[in-house]
Amino acid sequence: MKFLPILLFALQAACLTNPPPTSGEVYLCMGSWSYKYHLYKDCQGFNKCTTRVYSVTLKEAIKGNKRTLCSWCKKRSNK
Ligand SMILES: [Zn+2]
C-alpha cells in the first residue's frame, strides 16, 4: 500500500499535463459586443447572439479572447 500515494500523484500529474480534449470547453458568441464566455451552449446569454456559437477551450476564452464568466452560467453551475 505504500506505493499508492505515489501512483495517485503520478496519475494526477499526467492529467494536469495532458488533459482530455473535451475538458474545459466553453462557448463564445463572436459578436463585437461579446465579452463573456459560457459554460452552457443553451445559455440565455446566446439569445441575442448574432453569430454562431463557437466552442473553445477555457484557456483560449480567458487568455486569447479576454472573456469573463457569464453570470447566468455562473449561477447555473453553482446549483
Ligand atoms: Zn452564459
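The values are calculated or read from the model by the stated rules, or taken from the named source; none is laboratory data. Because the structure is a prediction, the values reported are computed rather than measured. Because the Cβ atoms are built from the backbone with ideal geometry, glycine has one as well, and the counts that use them run over all protein chains shown.
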Taking interchain pairs and intrachain pairs at least six residues apart, which have beta carbon atoms under 7 angstrom, with the first residue in the stretch 68-79 and assigned to a helix (DSSP H, G or I) and the second of a type in the set (A, V, I, L, M, F, W, C)? W72/C43; C73/L39; C73/C43; S77/L39
Residues in the stretch 38-67 that are within 11 Å of the ligand (Cβ to nearest atom), under 10 Å from L28 (Cα atoms), without any contact (Cβ under 8 Å) to a residue 24 or more places away in the chain and assigned to a loop (DSSP other than H, G, I, E, B): how many? 2
Filter result for C73 (touching a Phe, Trp or Tyr at 6+ places or on another chain (Cβ under 9 Å) and surrounded by 11 or more Cβ atoms within 10 Å (Cβ to Cβ)): yes
Any idea which of L69, L58, L28, L39 is modelled with pLDDT of 95 or more, under 23 Å from K79 (Cβ atoms) and touching a Gly at 6+ places or on another chain (Cβ under 6 Å)? L58
